[in-house]
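> This is the structure I want to talk about, given as structure tokens.
Only the coordinates and a few stated rules stand behind these numbers; no lab work does. Every value quoted in this text rests on a predicted model; they were computed, and no experiment measured them. Neighbour counts run over all protein chains shown; Cβ positions are idealised from the backbone, glycine included.
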Amino acid sequence: MAGARRVEVALEDGSPDGPVPPSPGRSTALGRRWWWLAVPVVAVLALVVGQAVTDYRERVALAALGDVRGVLVPLDDEVEVAWEVDEGTRLAGAARAGSVLVTSRETADHAVVLEGRDVATGARLWALDAVGPRARWTPEARPGPVPCAARPDHRGQVVCLVTDGGVDVLDGAWTTVPPTTARLLVLDADDGTVQFERETPATAQWLTPSGDDVLLVGTVDGTTHVRSQSVLYGTERWHVTVGAGADDRPFTPDAATSALLDARTLAVDHGTAVTLVSTDGEVLRTVGTQTETGLTGQGTPTTVELSTALAAAVIGGESSSAVVSATAEVRLDGSPLPVVVDDGSVPGLVLTRTPQLQAWDAGDGTPRWQATVFDAQNATILQGRVHVGTSAWLVTYDGATGAELWRWAGPTGVGTPLTDGRHLYVLGSRGGRHSGPYDLVALHVADGTEAWRTPLPARTWLSTLDGLLLMQTFDEATLVETYRVLR
């Protein structure tokens with residue numbers, strides 16, 4: 001009854017509306033109950049928030065990797081063939097703008113067509129006749145490449161350099177067919193609309209966009225021409241020439257390349273040398289790339305890698321290498337190890353084979369660390385780690401110290417570690433065999449455990465193109481090479 005009287009007083013009293021304050025003993029008991037109820041709720045909320053923060057950080061990290069050369073668009077867990085590249089398509093010089101891949105395709109009569117493809121499905125979105133048929137060319141003739149590049153400061157635009165040159169077989173020997181015309185086309189990548197078109201000097205054979213300008217490069221009669229022009233108006237900012245020795249081959253990805261190392265430095269590999277030119281037209285330095293004589297007495301060609309992560313060209317032969325930047329030329333022992341991806345997370349790291357794996361400081365040539373790997377084939381530098389592919393292992397090292405973190409055994413003879421930032425993708429042996437056919441294996445970046453694997457056809461290799469994973473297959477019966485895009 002004490003409880004009843006307490007309620008009657010509360011209802012008939014003139015006190016303000018609202019609940020009656022409980023007694024101290026009751027308040028303590030309720031507090032204890034609410035405390036124990038709140039603990040699991042808070043724990044669940046903490047886990048949810050923690051996972052949300054982790055997911056957000058992963059999305060930010062993957063988005064940042066999207067601009068790193070060689071990094072793949074994230075693949076599905078069950079990878080499949082998305083589409084097949086048409087016969088005659090020239091992947092060298094292709095450019096991606098958003099969801100469209102712009103390529104050139106050679107027809108049976110040696111005409112050249114520019115095409116836009118949906119990167120997800122391969123559907124042809126548009127086609128543009130670039131060069132007409134060449135009736136006088138032999139069946140073996142090949143048109144010169146049509147290099148295209150996305151304009152970084154102009155979303156959805158692609159600029160292409162179209163020439164009428166190429167190579168043909170004359171009197172039983174491959175002979176350069178010099179271009180007589182060269183045109184610069186600015187295209188809308190979505191629909192192929194020509195937004196601007198103008199002529200360029202016929203010596204131009206390769207291009208690199210730089211802001212509102214384009215850097216045009218070409219080697220003719222032993223001289224390399226490098227010029228900067230306004231993309232739209234053709235106003236020439238500057239023009240320099242560099243001796244190229246006896247190499248007067250057409251400017252193709254197999255013969256030479258050019259790329260911006262940073263916003264102010266263009267590197268030009270013109271066959272017998274690499275020349276660095278500032279974007280205001282100053283020739284900074286030229287370093288020769290002559291063939292070395294190996295231990296067998298045979299000539300071994302030097303390799304050139306243009307690295308934006310180092311802002312330098314890495315040049316090397318069988319026993320020595322050089323890191324050539326706008327400000328220095330650093331000599332190193334050993335042949336350079338090709339780097340598939342470098343996200344810049346281990347600044348200034350250069351890798352050579354001496355024959356052991358040796359890490360150097362690119363700035364001054366100081367040794368950083370060494371690892372007992374004698375058949376390193378290439379590497380991916382990602383999130384502070386160095387993933388090295390060999391004929392038998394994929395070995396991961398701490399990029400700063402060289403400490404081995406994990407290794408994955410998968411004898412394949414092909415050790416290229418590709419990545420989309422979430423996984424490393426390698427060719428793995430099937431059933432313990434040391435020969436093909438192989439599986440495409442996805443490994444967790446953190447510890448090298450397998451996420452999934454899928455079988456690939458015989459005589460298949462992997463490569464990348466502007467974020468796309470390509471499966472390259474050679475048919476021994478038809479002698480036809482086919483490229484398929486995986487997703």
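> State the Cα centre-to-centre distance between the range 469-487 and the range 370-395 in whole Å.
If you average the Cα positions of each part, the centres end up 27 Å apart.
> Next up: So what is Rg over Rh here for the range 71-136, counting just Cα atoms and using Kirkwood for Rh? Mind dumping the intermediate values first?
Values: Rg = 13.8 Å, Rh = 13.1 Å.
Radius of gyration over Kirkwood radius for the range 71-136 works out to 1.05.
> Further question on the same structure: What does the charge add up to near V445, with Lys and Arg as +1, Asp and Glu as -1, over the other residues with Cβ less than 10 Å from its Cβ?
0
> Is the C-alpha gyration tensor of the range 151-289 telling us rounded, prolate or oblate? Criteria: a/c under 1.5 is rounded; beyond that, a/b larger than b/c is prolate, otherwise oblate.
oblate
> If you don't mind, there's one more thing I want to ask. Could you work out how far apart the two model spin labels at A111 and V240 are, taking each label as a point 7 Å from the Cα in the direction of the beta carbon, and quote it in nm?
In this crude spin-label approximation the distance works out to 4.2 nm.
> Please give the FRET efficiency for T354 paired with T454, using the beta carbon to beta carbon distance and R0 = 35 Å, rounded to the nearest 0.05.
Working: r = 37 Å, r/R0 = 1.04.
For R0 = 35 Å, the calculated efficiency reads 0.45.
> Scale the Cα Rg of the range 197-248 by the rule-of-thumb value 2.2 N^0.38 Å and send over the ratio, two decimals.
Working it through for the range 197-248, the quotient is 1.13.
> Tell me, what is the FRET efficiency for E78 and R331 to the nearest 0.05, using R0 = 45 angstrom and their Cβ-Cβ distance as r?
My answer for the efficiency is 0.40.
> Post the alpha-carbon centroid distance, the range 77-106 to the range 160-197, in whole angstrom.
19 Å
> Can you give the Rg to Rh ratio for the range 364-487, taking only C-alpha atoms and Rh from Kirkwood?
1.00
> Oh, and also: Stretch A92-A127 to full length: gain in nm at 0.36 nm per residue minus the Cα-Cα span? List each step's numbers first, then the result.
Working: separation 35, 0.36 × 35 = 12.60 nm, distance 1.77 nm.
Going from the current span to full extension adds 10.8 nm.
> What residues qualify as long-range amide H neighbours of W452, i.e. H under 5 Å apart, gap of 5 or more or another chain, H built at 1.01 Å from N?
Excluding prolines and chain starts, which carry no amide H, the hits are A442.
> Next up: Using only the Cα atoms of the range 411-473, build the gyration tensor, take square roots of its eigenvalues as a ≥ b ≥ c, and label the shape rounded, prolate or oblate: rounded if a/c is under 1.5, else prolate if a/b is larger than b/c, else oblate. Kindly include the intermediate steps, with their values, before the conclusion.
Numbers: a/c = 2.05, a/b = 1.14, b/c = 1.79.
In terms of gyration-tensor shape, oblate.
> Now for a different question. Give me the one-decimal nm value for the distance between modelled label points at H444 and L170, 7 Å along each residue's Cα-to-Cβ direction.
It works out to 6.2 nm between the two label points.
> Ok, one more. Got a sec? How would H110, H270 order by Cβ neighbour count within 10 Å, fewest to most?
The order, fewest Cβ neighbours first, is H110, H270.
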